[in-house]
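Have a look at the structure below before the remarks.
The values are calculated or read from the model by the stated rules, or taken from the named source; none is laboratory data. From a predicted model like this one, the values you see are computed outputs, not experimental measurements. Here Cβ is always computed from backbone atoms with ideal geometry, including for glycine, and neighbour counts include all displayed protein chains. For the accessible areas, the whole protein counts, side chains as well, though only heavy atoms, and no ligand, DNA or RNA atoms are used. Shrake-Rupley method; radii C 1.70, N 1.55, O 1.52, S 1.80 Å.
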Amino acid sequence: QVQLVESGGGLVQPGGSLRLSCAASGSGFSINVMGWYRQAPGKQRELVATVPSGGITNYADSVKGRFTIARDNAKNSVTMQMNSLKPEDTAVYYCNADLTTSAGYTYRYWGQGTQVTVSS
């Protein structure tokens, strides 16, 4: 079965940086789109950044110019470098993968979430 393993969350001061990583384990699938969403207390889950295999990256307006997402297709992984972090970036960040199995079925998988806290 497919699992998304996340790492890189933590506590950082405003203006600091973090890098989130996510890797999909398992076999018998190909990933179409991979990226990150986040959910802050009292807020709905929102898209942060995504990138399809061989496609153009997509960023939320609030993170453009500060966050950079990249995929390693050979490793079925995605990383997101987060610079100039603001308190408003505080949230649980969830890795997301839209994948197709060898049988031709499409599924959306989610990681368990990693906490990012930006505070002085």
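Overview of values
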quantity	calculated
Probe 1.4 Å, protein heavy atoms only - accessible area per residue of region 1-102 in square angstrom	51 Å²
For the chain, size of Cβ-based charge dipole, Lys and Arg +1, Asp and Glu -1, in debye	60 debye
For Ala49, net neighbour charge (Lys/Arg +1, Asp/Glu -1) across residues whose Cβ lies under 13 Å away	+2
Sulfur and carbon atoms: percent of accessible area, the chain [1.4 Å]	46 percent
Alpha-carbon gyration tensor eigenvalues x 5, square-rooted, for the chain, Å	26, 14, 12
